[in-house]
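Got a structure for you, questions after.
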Amino acid sequence: MGLFGQTKPKDPREAIREMKRKLRSEQRGIDRNINHIKREELKVKNSLKDAAKKGDKDVCKILAKEIVGSQRAVSKLYASKAQINSVIMQMESQASMVRMSKGIQASTDVMKLMNKLTKVSEISQTMQELSKEMTKAGIIEEMMEDTMAMSDDEEMEDIAEAEVEKILFELTKGQLGTDTAISTPLVGDEEVAGPAEVSSEEEEDLQSRLAALRS
């Protein structure tokens, strides 16, 4: 506390270090989220293959859409992780300027990156809080609220039919779907982190979901 009960301003260098710690923590959280999505995707792929053997075409298509949605989510999270890394590098540049007594300067690059990151649903709240801290520190100017990111439902509606057909073709070895060239890269089973085994509880959950889809 300063004189007359006023709060002493935070050291800019300490403020930058604290923001960098939070950003790195978000990156670790993104990694955990990606691994979880990939494990769930593998289970859905196995369910799709089982449904194909039983001739449940409608179920296969629904599951294929779920896989495409998972792959899009992973791609979005990888992009967010890279953007956070760019923000961290900008923070390090700001710290160097403070050490040379040039003070903190507002960065339009950081503002653009943070504006994108606040629209990623998985990390939106933390990024909004960090944006406020950066604004107080003078790193960015106050951001205007922009168009909100699409909801998960809207993103699923936007899934191209060609992507679904490609998934069906690959997972059923040509039994379903068509071998149509698409721009979105597929995530291979070998990239999935963690064990591939499905527990009995998870198996029961998958069977319940398939039963609901058939009804």
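Which of the residues spanning the stretch 46-55 are surrounded by fewer than 14 Cβ atoms within 10 Å (Cβ to Cβ) and either acidic (Asp, Glu) or not in a helix (DSSP H, G or I) (or both)?
Lys54, Gly55
Of all residues being without any contact (Cβ under 8 Å) to a residue 40 or more places away in the chain and assigned to a helix (DSSP H, G or I) in the stretch 116-131, which is surrounded by the most Cβ atoms within 10 Å (Cβ to Cβ)? Just the residue, please.
Residue satisfying both the conditions and the ranking: Leu117.
Is it the case that some residue within the stretch 96-112 is modelled with pLDDT under 80, touching a Lys or Arg at 6+ places or on another chain (Cβ under 6 Å) and open to solvent by less than 40 Å² (accessible area, probe 1.4 Å)?
yes
Listed here are the residues, each with its yes/no results for (1) open to solvent by 60 Å² or more (accessible area, probe 1.4 Å); (2) farther than 28 Å from Glu165 by Cα; (3) not in a helix (DSSP H, G or I).
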site: Ile16; (1), (2), (3): no, yes, no
site: Met19; (1), (2), (3): no, yes, no
site: Gly29; (1), (2), (3): no, yes, no
site: Asn35; (1), (2), (3): no, no, no
site: Val44; (1), (2), (3): no, no, no
site: Ile62; (1), (2), (3): yes, no, no
site: Gln71; (1), (2), (3): no, no, no
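Okay, moving on. Just to be sure, is Glu92 under 27 Å from Ala160 (Cα atoms), of a type outside the set (Val, Ile, Thr) and open to solvent by 60 Å² or more (accessible area, probe 1.4 Å)?
Criteria not met by Glu92.
Go through (1) of a type in the set (A, V, I, L, M); (2) at pLDDT below 90; (3) surrounded by 13 or more Cβ atoms within 10 Å (Cβ to Cβ) one by one and return the number of the condition Met1 breaks.
Met1 satisfies all of (1) of a type in the set (A, V, I, L, M); (2) at pLDDT below 90; (3) surrounded by 13 or more Cβ atoms within 10 Å (Cβ to Cβ) except (3).
The values are calculated or read from the model by the stated rules, or taken from the named source; none is laboratory data. From a predicted model like this one, the values you see are computed outputs, not experimental measurements. As a convention, Cβ positions derive from the backbone with ideal geometry for all residues, glycine included, and neighbour counts pool all protein chains shown. To get the accessible areas, we keep the full protein, side chains included, count just its heavy atoms, and leave off ligands, DNA and RNA. Shrake-Rupley method; radii C 1.70, N 1.55, O 1.52, S 1.80 Å.
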